[in-house]
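The values are calculated or read from the model by the stated rules, or taken from the named source; none is laboratory data. The shown structure was predicted, so the numbers you read here are calculated from the model rather than taken from an experiment. We place every Cβ from the backbone using ideal geometry, glycine too, and count neighbours over all the protein chains shown.
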Amino acid sequence: MGADRPESPRNNAEKFDLCDWLIKYNISVTERVPYKGGVKFILSNCPFDESHTGKDAAVFQLASGAVGFKCLHNSCAHRTWRDFREKFEPDAYKYDRTPRPERSPVSTPNRELPPIPDREKRKQDEPVFLTMRDIDALGDTTDEFIKTGIKGIDARIRGLRKGAVTVLSGLRACGKSSLISQLALEAANQKLCTAIYSGEMSAKNVKKWLTRQAAGKYGVKKVDFDDGSYEYLVKPAHDKSVTEWLNKFVLVYNNVHSNDFGFILKALQKLVDENHADLIILDNLMTLNLSLIESDTYQRQSAFVGMLVNFAELNNVHIVLVAHPRKAQGFLRIEDISGSGDIANRAENIFIMHRVNDDFKRNSKQTLGWKDSNPIYNASNDIEICKNRTNGVCDVHIPLYFDIPTKQLCSEFGESGVSADEDLF
């Protein structure tokens, strides 16, 4: 519902006449009705979105003199009387010394969801049911895939299909961060652009992870510290060349801006329109503010994934969404992924990352009936393709081998340092 909490106009509140004020600023009103001992004016349209017409938007004044604004649309739910008044009278509160109440994230600016391009128009122009000839008339469409660099994934599902969404989950320290940065590097090797939102990692740390992986085994060196600890750092010459190369293909969201989904989606749409995004990585679901979607938590997350699917399809990009599991231990299954079952239903791919440790071995034997001889147990990590809609692949486990110096997940044991193509930078 709209923001209908009345408040004092503050500036000469005792003399404020809402009717006169509406006339003064030539604000179109379709109806005047009694309201809680005062009066309500139904507006011809909402000033924040002209498509909100009928009886959707109104201003009111109570018997006490307090005034309010209300629009029934979710995208205007955070708008208050002060927003409405400043729309027509920007300096109305210029000399008001009363501190403005701090707003919750629900009322931050730019919360309106961007329209999905041409979705409604396309629906109007298309027949409801297609004959076989109608389908032929659509022409041949060739799917485009972004290779992941993980041999087992690319061999089975050809990579990440553009126009679709992948949900990636896994317990802490299972390798998700290594995988998503590798996806960005592999996309760059294909001269494709990646946009990364990381709600938990700073932009500097994202870059540090990317450059260390891209530098490969010949571009990093072990640095020992006086306290006996050590760290692998990228050699300066490699850091410079890798940075220049990645500068063409990878963009990282600046977290000083809002974590509001509407704001981020608008920013992503701008990148897509400017041909700066083929792959979008959202890490992770729990750090995004979805409060603009009016529903309970699980339904909100389901609606959010639906919006991502539409966005990916209409913009021909692939979106990887990291979603943490609801439990912190055990052998993860699809039903453990945060949110409702619709998240798994709407996505093209569901990947679960596992770290191959003693818990994994014990739980996999109990859950899947694996034997001690299973080759997965020789790996450091396991990526499970739980579901792939296009090729029907499911329940496939792919062994991976973590290379400490480069933080890479390798497809084969001893295949350390699969660096970016040096010819490209």
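In summary, strands (runs of 3 or more DSSP E) completely within region 150-263 and bearing 2 or more residues that are under 26 Å from Ile383 (Cα atoms) occur at 164-170, 194-198, 250-252.
Taking the criterion of being part of a strand (DSSP E or B) and among the small types (Gly, Ala, Ser), the only residue of region 26-40 that qualifies is Gly38. Does any residue of region 180-197 turn out to be more than 25 Å from Glu274 (Cα to Cα) and hydrophobic (A, V, I, L, M, F, W, C)? No, region 180-197 contains no residue that is more than 25 Å from Glu274 (Cα to Cα) and hydrophobic (A, V, I, L, M, F, W, C).
Condition check: among the small types (Gly, Ala, Ser), touching a helix residue (DSSP H, G or I) at 6+ places or on another chain (Cβ under 9 Å), in the same structural domain as Cys174 (by TED's automatic domain parsing) and touching a residue at least 60 places away in the same chain (Cβ under 8 Å). Does Ser291 satisfy that?
So Ser291 passes the test.
Answer with yes or no whether Gly65 is free of Cβ contacts under 8 Å to residues at least 60 places away in the same chain, surrounded by 17 or more Cβ atoms within 10 Å (Cβ to Cβ), within 15 Å of Phe16 (Cα to Cα) and not β-branched (Val, Ile, Thr). It is false that Gly65 is free of Cβ contacts under 8 Å to residues at least 60 places away in the same chain, surrounded by 17 or more Cβ atoms within 10 Å (Cβ to Cβ), within 15 Å of Phe16 (Cα to Cα) and not β-branched (Val, Ile, Thr).
With Ser64, Ser75 as the choices, which residue is hydroxyl-bearing (Ser, Thr, Tyr) and within 20 Å of Phe263 (Cβ to Cβ)?
Of Ser64, Ser75, the one residue that is hydroxyl-bearing (Ser, Thr, Tyr) and within 20 Å of Phe263 (Cβ to Cβ) is Ser75.
Listed conditions (1) touching a residue at least 12 places away in the same chain (Cβ under 8 Å); (2) surrounded by fewer than 20 Cβ atoms within 10 Å (Cβ to Cβ) are all met by Asn374, apart from (1). Exactly one residue out of Asp91, Asp96 is of a type in the set (D, E, K, R) and modelled with pLDDT of 80 or more, and it is Asp91. Scanning region 362-377 turns up no residue that is in contact with a Pro (Cβ under 7 Å, 6 or more places away or on another chain) and at pLDDT below 90.
Close contacts from region 168-184, counting a first residue that is within 17 Å of Ile196 (Cα to Cα) and assigned by TED's automatic domain parsing to the domain that holds Ala195 and a second that is among the small types (Gly, Ala, Ser) and not in a helix (DSSP H, G or I), with Cβ to Cβ under 7 Å and a gap of 6+ residues or different chains, come to Ser169/Ala323; Lys176/Gly170; Gln182/Gly149.
Within region 213-247, being surrounded by 15 or more Cβ atoms within 10 Å (Cβ to Cβ) and in contact with a Phe, Trp or Tyr (Cβ under 7 Å, 6 or more places away or on another chain) holds for Val220, Ser241, Val242, Trp245. Is there a residue being of a type in the set (S, T, N, Q), under 26 Å from Ile334 (Cα atoms) and touching a Pro at 6+ places or on another chain (Cβ under 9 Å) anywhere in region 177-193? No, region 177-193 contains no residue that is of a type in the set (S, T, N, Q), under 26 Å from Ile334 (Cα atoms) and touching a Pro at 6+ places or on another chain (Cβ under 9 Å).
One residue stands out among those in region 248-288 that are acidic (Asp, Glu) and crowded, with 16+ Cβ neighbours inside 10 Å: the one that is modelled with the lowest pLDDT, which is Asp260.
Yes/no matrix, rows are residues, columns are (1) under 15 Å from Ile180 (Cα atoms); (2) under 32 Å from the mean Cα position of the chain (by Cα); (3) among the polar types (S, T, N, Q); (4) assigned by TED's automatic domain parsing to the domain that holds Lys217:
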residue	(1), (2), (3), (4)
Trp370	no, no, no, yes
Asn374	no, no, yes, yes
Ser380	no, yes, yes, yes
Ile383	yes, yes, no, yes
Asn391	no, yes, yes, yes
Leu400	yes, yes, no, yes
Asp403	no, yes, no, yes
Thr406	yes, yes, yes, yes
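Does Ile337 qualify as being at pLDDT 95 or above, under 27 Å from the mean Cα position of the chain (by Cα) and crowded, with 19+ Cβ neighbours inside 10 Å? The answer is no for Ile337.
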